[in-house]
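What follows is a set of notes on a single structure, which appears directly below.
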Amino acid sequence: MKELMRSNDPTAIAFAKALLSGEGIEVFELDVHTSVLEGSIGILPRRLMVADRDHFLAVATLRDNDVDQGY
C-alpha cells in the first residue's frame, strides 16, 4: 500500500474517494478515528492509501481533477 493523499478537509477526502471509486480504484482511509484521541479539533490529517499497482493511476486521476494531495 502507498499513501496517496493527506488532508484535514473531509470534503476533499470524500471527493477524492468518489473520483477513485469511479475509476475502479479501491481506497483505504487511515486515521479516521483519531478524532477521538485529539478531541475533534482536526489537527491530525486523514490519509488515503491505495494498492501499489493502482498508485500511478490514482495520482493521475487526482492531478487531472486538481485535487491537492497534501504534500
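Within region 14-32, the set of residues being in contact with a Lys or Arg (Cβ under 7 Å, 6 or more places away or on another chain) and modelled with pLDDT of 95 or more comprises V27 only. Selection of region 46-62 for residues being within 13 Å of I13 (Cα to Cα) and either over 13 Å from the mean Cα position of the chain (by Cα) or open to solvent by 40 Å² or more (accessible area, probe 1.4 Å) (or both) yields R46, R47.
Within region 1-13, the set of residues being within 15 Å of L62 (Cβ to Cβ), at pLDDT below 95, open to solvent by 40 Å² or more (accessible area, probe 1.4 Å) and not acidic (D, E) comprises R6, T11. Are any residues in region 20-32 part of a helix (DSSP H, G or I) and within 15 Å of F56 (Cβ to Cβ), and if so, which ones? L20 - this is the single residue of region 20-32 that is part of a helix (DSSP H, G or I) and within 15 Å of F56 (Cβ to Cβ). The set of residues in region 33-61 being in a helix (DSSP H, G or I) and modelled with pLDDT under 95 consists of H33, T34, S35, V36, L37, E38.
The values are calculated or read from the model by the stated rules, or taken from the named source; none is laboratory data. These numbers were taken from a predicted model, which means no experiment stands behind them. Neighbour counts are summed over all protein chains in view; Cβ atoms, including those assigned to glycine, are modelled from backbone coordinates with ideal geometry. For accessibility, only protein heavy atoms count, side chains too; no ligands or nucleic acids. Shrake-Rupley method; radii C 1.70, N 1.55, O 1.52, S 1.80 Å.
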